[in-house]
Amino acid sequence: MNKIKKSIKANSELIPIYIVMLIMVALNIWKQPTFFKPATFARICNQLAPYIFMGMAQMCIMVLGGMDFGLGALVSFSTCLFATYMVENNTTNTFIIIGIILLIGCIDACVGYIVGRFNLPTIVVTLATSFVFEGLALLTLPTPGGFINSFASNMLIGKLGILPASLIWCAVFAGIWILMRKSSIGLLIYATGNNKKSAFSSGLNVKKGCVLAFFISGILAAMAGLMLCSRTMSGDPTIANDMTINAVTAAVLGGVTFSGGEGKLAGVIAGSIVVGILVNVLFYLNITGFYTYFVQGIILILSVVVNNLRKGGK
Amino acid sequence: MEKDKSLKPSLKNLAQANSSVLALLLVAVAFFLLSHFVSSAKFSTVLHISSFLALAAMGQTIAFLLGGIDLSVASLLSASGILLCALISGSMPLVVCIIIVLVASAIIGLLNGMGIALLNIPPLVMTVAMQYILRGVTLVTTNGKPIAPKNDAISVWANKNIVFGLSGGIIVLLCCVLLITLILYKTKLGRDIYFLGSNPEIAKMSGIKTRKVTIVCYSIAAMLAGLAGVMLVGYTGTAAVRIGDSYLLPSIAAVLIGGTSPLGGKGGVIRTVIGAFILSNIISLLTVMQMQEATRQIIEGGIVLLFIIINNVEFKKKVKANK
């Protein structure tokens, strides 16, 4: 009993975002009464999965004290790679998928190396690399299309038992994150973000922290890309470019600060669900197309302001 | 603004203090000669084409000097162009239209600055959000279609040779460079900007009105971006929602090529204008070489990365030399 009380106290800052999440889910159920039917529920899970993966990826970088501006472009680039290089043979295909995920991780780790080695502001570096990734995506797959193996897509967004597969994949990666957070890797990343100078002077390898954070972020981005392209059954060089800002909103809603060293997975997942469901609800409220840009901007500003007020009140 | 060891104003000292600007100028001349050789581009044409980029990048420079960044530049460029086209369709004289556009963009900048200074929103996030808001507004008002002004007074004026073969666009650019340089080096506001950029904590403690300076800076930055949009309409004769998007990365690249530090407090607008000129030459070279849009994007991103790294290494060397 005491343990539960303690954990509630430790996570008390997450209560508001969970209330907001429940309100959003309730709104969605109201607008879409078939919410709990297995097919609808699976579809909503599949819709939310990319948001959750991108929110987690953005959190990795924001914990470092930066912000990844090229996340959306990296996700688009990964969908292009998947759609271009997937094959019919299921076994070979699995290896290809793992290879591409690791490749994207390594590419992002290179960005992390540049940030860590030269001690550069993450924002400017990722802004530059975002254009590089956009270009690479357009070179691999100039127009939306390509081939997605249906077995792989079924494993990712189909059903495993009674639960939607996408839910299970999110849970798996959340579990890996929690294990890592408790290991020395997580400690290194959080310490680097909290105070670069004191982390460096207490003998931590700051460069390694940057590279690792970007590597993990890249792998999560590739997972988001995999979810997106198994849903559309094709690759698209611009599909996720506008989702960068959503990932930032999700992380900020989840209580991640811009100064770094802070951020809880449970909060970010709730934030991602809010952002993802919001898109769904806006669709049912007939606020679509051109207005979404406007709404996205306003919500980002509001979430940062609320976050600041909450931190200031402490 | 490097400090000289001896304060004697000799030609040697002056050259030493501005050595990096001189080096930049040499690079600019080299690139111009290269593109002149390849595509027989005229100096005034290249300067005119780079003037929009230079104006937007000057606004970006001011945000960089504060240690911030302005990503709303792209949408502001499009939005101001669209607003100008819509206004010219009425019966107002051109000057009034331009003034209204500039005031409107200054108001957007004011909102940016207020979000950053009063609500403590990081500059990147505030300006990105503003970019999305502006894009939404312009998309809804224009329905996503390009829009052209009813008469071509602006095009005639912007492209006409006024003096010494310089077109209206170039003269506007030169006036802005002069004005902003004067503000940065000769006024209290300018000194406050450099001080605030190099050390916000100490600047605040020594009584600088940091909030006011931030708000004014972002307003000026937005006004310059708006002016860039106006001049772009003068050159192309149309405005569209996504027209400014291709100026976002180049505007940052021009600042970094010029050597203004993304950490704040170091740099100036003249360097940025030279940087914009270099970048325009590079872009036109790539176009002449018939590069794909995708390849061009990769090269532009690569250039930005290269220049941040070079700047940073130089900066560290200077710190070491001073010790």
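With a Cα-only, solvent-free Debye model of segment B:176-323, what are the log10 I(q)/I(0) values at q = 0.12, 0.13, 0.15 Å⁻¹?
For the requested q values the scattering log ratios are -0.63, -0.73, -0.94.
May I have the extent of the alpha carbons of the protein assembly as shown along their three principal axes, as whole Å values ordered from largest to smallest?
Its Cα atoms span 79, 60, 48 Å along the three principal axes.
Give me the distance in nm between label points sitting 7 Å out from Cα along the Cα-to-Cβ direction at A:ASN194 and A:VAL295, one decimal.
So the two model labels end up 3.9 nm from each other.
Report the residue, chosen from A:LEU285, A:LEU27, A:LEU160, that carries the largest GNM mean-square fluctuation when chain A is represented by alpha-carbon nodes joined by springs under 10 Å.
Top of the fluctuation ranking is A:LEU285.
Return the FRET efficiency for the residue pair B:ARG242, B:LEU285: r is the Cβ-Cβ distance, R0 is 30 Å, and the value is rounded to the nearest 0.05.
Once the sixth-power term is evaluated, E becomes 0.80.
Compare A:GLY297, A:GLY55, A:GLY255 in a GNM of chain A, Cα atoms joined below 10 Å, and give the one with the largest fluctuation.
Among A:GLY297, A:GLY55, A:GLY255, the largest mean-square fluctuation in the Gaussian network model of chain A belongs to A:GLY297.
Taking θ as phi - 60°, what are the ³J(HN,Hα) couplings along segment A:43-49 by the Karplus curve (6.51, -1.76, 1.60), each to the nearest whole Hz, with x for Gly and Pro?
Residue by residue, segment A:43-49 yields 5, 5, 4, 5, 5, 7, 3 Hz.
Provide the net charge surrounding B:LEU286, with neighbours chosen by a C-beta distance below 13 Å and charges set as Lys +1, Arg +1, Asp -1, Glu -1.
With Lys, Arg at +1 and Asp, Glu at -1, the neighbours total -1.
Counting only C-alpha contacts under 8 Å and six or more residues apart, can you give the relative contact order of chain A as a whole percent?
Value for chain A: 34 percent.
Past the 35 angstrom mark, what percentage of all C-alpha to C-alpha distances in chain A do you count?
In whole percent, the long-distance tail amounts to 17.
Taking only DSSP H segments of four or more residues, each worth -39500 (n - 2.57), what value at 222 nm results for the protein assembly as shown once the sum is divided by all its residues, to the nearest 500 deg cm²/dmol?
When only DSSP H runs of four or more count, the value is -25500 deg cm²/dmol.
Once Rh is set to the Kirkwood radius over Cα pairs, what Stokes-Einstein translational diffusion coefficient, in µm²/s, holds for segment B:210-264 at a temperature of 4 °C and a viscosity of 1.567 mPa s?
99
Just report the Cα centroid separation between segment B:124-171 and segment B:207-271, whole Å.
14
Rg and Dmax of segment B:167-220, Cα atoms, in Å?
In order Rg, Dmax, the Cα atoms of segment B:167-220 give 13.5, 46 Å.
Which order do the peptides A:272-278, B:298-304, A:152-158 come out in when sorted by mean C-beta neighbours inside 10 angstrom, highest first?
Packing order, densest peptide first, comes out as A:272-278, B:298-304, A:152-158.
Taking the Cβ-Cβ separation of A:ALA174 and A:THR143 as r and a Förster radius of 35 Å, what is the calculated FRET efficiency to the nearest 0.05?
E(calc), rounded to 0.05, equals 0.50.
Go through segment A:170-183 residue by residue and turn each phi into a ³J(HN,Hα) via Karplus (6.51, -1.76, 1.60, θ = phi - 60°); whole Hz please, and just put x for glycine and proline.
Each residue of segment A:170-183 in turn: 4, 5, 4, 5, 5, x, 4, 4, 5, 4, 5, 4, 7, 7 Hz.
Over segment B:42-248, what is the relative contact order in whole percent, taking alpha-carbon pairs under 8 Å and six or more residues apart?
Once normalised by length, the contact order is 47 percent.
I need the P(r) histogram for segment B:42-248: all alpha carbon pairs, bin width 5 Å from 0 out to the longest distance, whole percents.
Distribution as computed: 1, 8, 16, 19, 18, 15, 11, 7, 3, 1, 0 percent.
With the cut-off at 30 Å, tell me which of the pairs A:LYS196/A:LYS311; A:LYS159/A:LYS207; A:LYS197/B:LYS266; A:LYS31/B:LYS145; A:LYS207/B:LYS209; A:LYS3/A:LYS159 have Cα atoms farther apart than that.
A:LYS159/A:LYS207; A:LYS31/B:LYS145; A:LYS207/B:LYS209; A:LYS3/A:LYS159
What's the average, rounded to a whole number, of partner chain beta-carbon atoms within 10 Å of each residue's beta-carbon in B:198-211?
Across B:198-211, the average partner-chain Cβ count within 10 Å equals 0.
To the nearest 10 Å², what's B:LEU263's accessible area with a 1.4 Å probe?
Its heavy atoms expose roughly 90 Å² to the probe.
Restrict the search to segment B:187-291; then list the trypsin sites (Lys or Arg not before Pro) that DSSP places in a loop and that have at most 15 other Cβ atoms within 10 Å of their Cβ.
Those satisfying the criteria are B:LYS209, B:ARG242.
Post the alpha-carbon centroid distance, segment A:192-231 to segment B:277-299, in whole angstrom.
32
Round to the nearest 0.05 the FRET efficiency obtained for A:TYR284 and A:ILE8 when R0 = 22 Å and r is the Cβ-Cβ distance.
0.05
Considering amide H positions built from the backbone, and no H for Pro or chain starts, which residues 5 or more places from A:LYS159, or on another chain, come under 5 Å of its amide H?
So A:LYS159 has HN proximity to A:ALA165.
Once you sort the root eigenvalues of the Cα gyration tensor of segment A:90-208 as a ≥ b ≥ c, which label holds: rounded (a/c under 1.5), prolate (a/b larger than b/c) or oblate (the other case)?
The shape class here is oblate.
Most fluctuating residue of B:GLY59, B:GLY237, B:GLY226 in a GNM of chain B with Cα springs under 10 Å: which is it?
Checking each option, the largest mean-square fluctuation is seen for B:GLY237.
Between segment A:1-70 and segment A:245-275, what's the alpha-carbon centroid distance in Å?
9
Going 7 Å from the Cα of A:LYS31 along its beta-carbon direction, which residues of segment A:248-273 have the amide nitrogen within less than 15 Å of the resulting point?
A:273
I want to check the label-to-label distance for A:LEU22 and B:ALA153. Put each point 7 Å from Cα in the C-beta direction and report it in nm to one decimal.
In this crude label model, A:LEU22 to B:ALA153 measures out at 6.2 nm.
The values are calculated or read from the model by the stated rules, or taken from the named source; none is laboratory data. All values reported here derive from a predicted model rather than from experimental measurement. We place every Cβ from the backbone using ideal geometry, glycine too, and count neighbours over all the protein chains shown. Accessible surface areas use protein heavy atoms only, side chains included; no ligands, DNA or RNA. Shrake-Rupley method; radii C 1.70, N 1.55, O 1.52, S 1.80 Å.
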